[in-house]
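A short reminder: the numbers here are calculations on the coordinates, not readings from a lab. The structure displayed is predicted, hence computed values, not measured ones. Reconstructed Cβ throughout: ideal geometry from the backbone, glycine too, with neighbour counts over all protein chains shown.
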Amino acid sequence: MRVDIVSIFPDYFAPLDLSLIGKARGTGLLDLSVHDLRTWTSDVHRTVDDTPYGGGPGMVMRPEPWAAALDAVASPAAQLIVPSPAGRPFTQADAHELAELPHLIFACGRYEGIDQRVLDEAAARMPVREVSLGDYVLFGGEVAVIVIMEAVTRLLPGVLGNADSLTEESHAAGLLEAPVYTKPASWRDRAVPEVLRSGDHGRIARWRRTESLLRTAARRPDMFAAYPPESLDKFDRAA
Ligand code: ADE
């Protein structure tokens, strides 16, 4: 997968050299480039923003540098991702869709955002997704891009050693994952649930399933309500 990230703070992306994303880059699974938007400015001050039409606080990112940047990194297969608190909520389903694509371009807005015409013009040439990480406001899109890149990269074939961890994890099946434990069996007078040490795989699976349902109902009533009732069996209902 090819990824181009455009930002006025390329240094934000140093963590993408680390851990499994760094490794995916090293092995060629991920071809990631970070670009400084100011490369595409033409004035001596390398200006990227200006005051908003219609008034109001803050500054808006000017269209010219963005258009030049997108022209430079675009490809026929590209999809543009723009993190924004005004976007649609980013979900695990989005991560799966993005992981299938050959080329992602991330545009990191700062200040009050990017001139809307940049996104409208880009949408005439390629799919554009404005996505929000949640109902809160960050300084800009940079951290959101790191989050999205983590969610997407771990879905690329060959990145995770054990692909089973993708099927069992929270959100994969519309439920939160059950709690997990490791050794020692007793720690500070707290025992690991007996069932997990029983070796009875049927009971363990049933326990995990019940914990998953109870956790989801308690922490994410929205997810629980959306869970298809036909996916519940008689043991689930009893729980
Ligand atoms: N940029 C600023 N706030 C954001 C958010 N909540 N999600 C994605 N991008 C953002």
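To check you understand DSSP bridge types, tell me what percent of the beta bridges within the chain (both residues inside) are antiparallel, rounded to 5.
Of the beta bridges lying entirely in the chain, close to 15 percent run antiparallel.
Can you tell me what the convex hull of the Cα atoms of region 68-192 projects to on average, as an area in nm²?
10.7
State the three equivalent ellipsoid semi-axes of the chain, derived from the C-alpha gyration tensor as the square roots of 5 times its eigenvalues, in descending order and whole Å.
Here the semi-axes work out to 42, 20, 17 Å.
List the residues whose amide H sits under 5 Å from the amide H of Phe106, counting only those 5 or more places along or on another chain, with H placed 1.01 Å from N in the peptide plane.
Asp4, Ile5, Val6, Ile81
Using the per-residue mean of other Cβ atoms lying within 10 Å as a proxy for protection, in what order, highest first, do the peptides 124-132, 207-215 fall?
207-215, 124-132
Okay, helix-only estimate at 222 nm for the chain: each DSSP H run of n ≥ 4 adds -39500 (n - 2.57), divide by all residues, round to 500 deg cm²/dmol; what do you get?
Only helices count here, giving -9500 deg cm²/dmol.
If I fit a long axis through the Cα atoms of helix 142-153 and take the longest principal axis of the Cα atoms of the chain, what angle between them do I get, 0 to 90°, rounded to 10?
It works out to around 50 degrees.
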